[in-house]
């Protein structure tokens, strides 16, 4: 890899981490212009070195790139891994015109916005871990399995609470783990559903709500070391709020239907434990209203890196405007109104540069190739102040 300039390596590490990126997304991540990125890709990384593959789409689509088979093998060696241990296969994904690509682009947009927002020195939260839906298990046996809950890291199989013979499969588009700076021992698992309005609300969306309900009752988010959960529905490919309203209405209807079952399950669990343990368990088995409060909804066009954390660009299930993170005063949050997403980096407008960006790209950690560095903890803060089942109301 020494034959590449530091800027080249930065592009290659980004493609390894995100799998597929447009020239605009690479511009957001690196702070360079799209013209410079396209020129470097075309003249060196694609044609001369052959380590990057350009994905061909319509003339109006942004240029998109992924690692070629040569680049895949080179980056595996650079990361100290066998090709079979890489987070995804060497088979290139489909082009920009495919639904799979557009779905991945929407998911990567949100991932990049959260990442850049959390890199700001004044950010109230840290993004400590990100796992996309396509990241596979490092276990070679599981990677060959056709069962998604064995093959993919963030997929789970949840047994139905009322019918043990049934099971539900959870496979979100992205899992983000956040940690608040005020409560450094509290982690929140955030599941992203990138919705392009291509599936039925009454069918697919209601089934997703059912799966998340089982996850909530079983506290499945604790598998990732989290004490709470959020579910983000980000709608793309729409020009109105109708899709958001439809999914919100589905959530309200689902909670109304399942409220008796929820209460029955909670009472059943409480009656099964001793009186001494009942109070603590009651705090863990939260009511249906707490489940509904886990959800946030937004349209992709209203989100960008400056407002995604603290701007009033999200809605709850009843359409009330709110921020993803509420742990600040109005004076701390000058951008509370929904603002348009940054202009497409394919244009000639300047792309904002990250406040802090390493000029020395390096390999991700061996556990997964999508982990982020954490800033050092303030030694003056107590690390024992949060109970394992308490999540601060700010997030």
Next item on the list: Starting from residues that are touching a strand residue (DSSP E or B) at 6+ places or on another chain (Cβ under 6 Å), closer than 17 Å to residue 113 by Cα and part of a loop (DSSP other than H, G, I, E, B), keep the ones in region 299-324 and report whichever is modelled with the lowest pLDDT.
Entry: 324
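Residues that are touching a residue at least 12 places away in the same chain (Cβ under 8 Å) and over 29 Å from residue 119 (Cα atoms): find the strands (runs of 3 or more DSSP E) completely inside region 149-260 holding 1 or more of those. Walk me through it before giving the result.
Numbers: elements: 156-159, 167-170, 174-180, 187-195, 228-235.
Strands (runs of 3 or more DSSP E) meeting the threshold: 156-159, 167-170.
Does residue 41 fit the bill of being more than 26 Å from the chain's Cα centre (by Cα), crowded, with 18+ Cβ neighbours inside 10 Å, modelled with pLDDT of 90 or more and assigned to a helix (DSSP H, G or I)? Reasoning before the result, please.
Working: more than 26 Å from the chain's Cα centre (by Cα): yes; crowded, with 18+ Cβ neighbours inside 10 Å: yes; modelled with pLDDT of 90 or more: yes; assigned to a helix (DSSP H, G or I): yes.
In short, yes.
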Checklist line | Scope region 241-264; condition in contact with a strand residue (DSSP E or B) (Cβ under 9 Å, 6 or more places away or on another chain) and either over 23 Å from residue 322 (Cβ atoms) or crowded, with 17+ Cβ neighbours inside 10 Å (or both); matching residues | finding: 243, 244, 247, 248, 251
Checklist line | Every residue from region 108-130 that is out of contact with any strand residue (DSSP E or B) (no Cβ under 8 Å at 6 or more places or on another chain) and assigned to a loop (DSSP other than H, G, I, E, B) | finding: 120, 121, 122, 123
Notebook entry, point to check: What single numbered condition from (1) touching a residue at least 60 places away in the same chain (Cβ under 8 Å); (2) in contact with a strand residue (DSSP E or B) (Cβ under 7 Å, 6 or more places away or on another chain); (3) within 16 Å of residue 192 (Cα to Cα) fails to hold for residue 133?
Noted result: (1)
Check: Which one is farthest from residue 100 (Cα to Cα), of the residues in region 51-78 that are modelled with pLDDT of 90 or more and assigned to a loop (DSSP other than H, G, I, E, B)?
Finding: 51
Checklist line | Number of positions in region 1-17 that are at pLDDT 90 or above and either touching a strand residue (DSSP E or B) at 6+ places or on another chain (Cβ under 8 Å) or not in a helix (DSSP H, G or I) (or both) | finding: 5
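Could you please let me know if residue 273 is more than 14 Å from residue 217 (Cα to Cα) and not in a helix (DSSP H, G or I)? Step through it out loud before you land on a result.
Values: more than 14 Å from residue 217 (Cα to Cα): yes; not in a helix (DSSP H, G or I): yes.
Answer is yes for this residue.
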Checklist line | All positions within region 293-302 that are touching a residue at least 40 places away in the same chain (Cβ under 8 Å) and within 14 Å of residue 244 (Cα to Cα) | finding: 295, 296, 297, 298, 299, 300, 301
Margin query: Can you tell me which condition residue 151 does not meet? The list is (1) in contact with a helix residue (DSSP H, G or I) (Cβ under 7 Å, 6 or more places away or on another chain); (2) modelled with pLDDT of 95 or more, and all the others hold.
Written below: (2)
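Okay, residues lined up against (1) at positive phi; (2) out of contact with any helix residue (DSSP H, G or I) (no Cβ under 8 Å at 6 or more places or on another chain); (3) modelled with pLDDT of 90 or more; (4) crowded, with 20+ Cβ neighbours inside 10 Å:
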site: 175; (1), (2), (3), (4): no, no, yes, yes
site: 194; (1), (2), (3), (4): no, no, yes, yes
site: 222; (1), (2), (3), (4): no, yes, yes, no
site: 232; (1), (2), (3), (4): no, no, yes, yes
site: 239; (1), (2), (3), (4): no, yes, no, no
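The values are calculated or read from the model by the stated rules, or taken from the named source; none is laboratory data. The shown structure was predicted, so the numbers you read here are calculated from the model rather than taken from an experiment. No Cβ is skipped: glycine too gets one built from the backbone with ideal geometry, and neighbour counts run over all protein chains shown.
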